[in-house]
Amino acid sequence: MKKLIIIPAYNESEAILSTVETIRREAPDFDYLVVNDCSTDSTKQILEEHHLNFLDLPVNLGIGGAVQTGYMYAYRHGYDMAVQVDGDGQHDPAFLKTMADHLENHHCDMVIGSRFIRKEGFQSSRARRMGIQWFSWLIRVTTGTTITDPTSGLRMVGRKGMELFSKDYPRDYPEPETIVTLLNRNLKIEEIPVIMKERQGGTSSINLKKSVYYMVKVSLAILFERSRKNKC
């Protein structure tokens, strides 16, 4: 089984090297690819100096474009599964083998690492947890499927998911919307418990103003995506 870790990186100079080193140590059976999303700090210099595996985007595409680039690479190079791991050090690669085994043994199309099943480790802020609960409710109402951590970036997909995402992927805040995309096509999604850490460096791109935009945009995107199935 060929397995690829996709690491989207925008201005992650403080954490990117330790993230890759942890991946090499904890997930040696996985290949990895850093997608440098036109960082303006020293991220690219670090990637070059330490001879890390990376693609350098000529313009900033946002998180969606960076992750989609990774899925395109994985699909075209014949990988059997691909997993997104954020470059800020929040995701623990020690869980990747368990996710891969679950994806294969349970014949899933996506496995999500959820911090809310056992509620261990970093649980995010109270405001963000409220937003996560909203998206979980909205997905359950529109699809009938309960996803406890719909904004988790720690997500592994098989070939079907890679093919879909390599062709079409939301530009920003993609996680909840793409869950509905897979469910609309009757693909199988399951969650397993994981422990996440606090951001190891850099700053989050979501501030108060963007949080309002995020809630509205993603909610409308979920409703629109679900309506496409109802019209079919």
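Among (1) farther than 21 Å from Ile192 by Cα; (2) among the hydrophobic types (A, V, I, L, M, F, W, C); (3) in contact with a His (Cβ under 9 Å, 6 or more places away or on another chain), where does Leu154 come up short?
It is condition (1) that Leu154 fails.
For the list (1) surrounded by fewer than 22 Cβ atoms within 10 Å (Cβ to Cβ); (2) of a type in the set (A, V, I, L, M); (3) over 19 Å from Ile63 (Cβ atoms), I need the number of the one condition that Leu164 fails.
Just one mismatch for Leu164, condition (3).
Quick check on my filter: what residues within the range 121-179 are touching a residue at least 60 places away in the same chain (Cβ under 8 Å), part of a loop (DSSP other than H, G, I, E, B) and not hydrophobic (A, V, I, L, M, F, W, C)?
Listed by number, the residues that qualify are Gly153, Gly158, Tyr169, Pro170, Arg171, Asp172, Tyr173, Pro174.
Does Thr40 satisfy the criteria of being within 16 Å of the chain's Cα centre (by Cα), of a type in the set (S, T, N, Q) and either over 21 Å from Val111 (Cβ atoms) or in a helix (DSSP H, G or I) (or both)?
Answer is no for this residue.
Conditions: (1) within 19 Å of the chain's Cα centre (by Cα); (2) loosely packed, with under 14 Cβ neighbours inside 10 Å. Val20 meets all but one. Number of the miss?
(2)
What number goes with the only condition from (1) hydroxyl-bearing (Ser, Thr, Tyr); (2) surrounded by 14 or more Cβ atoms within 10 Å (Cβ to Cβ); (3) assigned to a loop (DSSP other than H, G, I, E, B) that Tyr73 does not pass?
Every listed condition holds for Tyr73 apart from (3).
Of the numbered conditions (1) at pLDDT below 95; (2) in contact with a strand residue (DSSP E or B) (Cβ under 7 Å, 6 or more places away or on another chain); (3) surrounded by 17 or more Cβ atoms within 10 Å (Cβ to Cβ), Pro174 fails exactly one; give the number of that condition.
(2)
The values are calculated or read from the model by the stated rules, or taken from the named source; none is laboratory data. Model, not experiment: these values are computed from the prediction. A quick note on method: Cβ atoms are made from the backbone with ideal geometry, for glycine too, and the neighbour counts reach across all protein chains shown.
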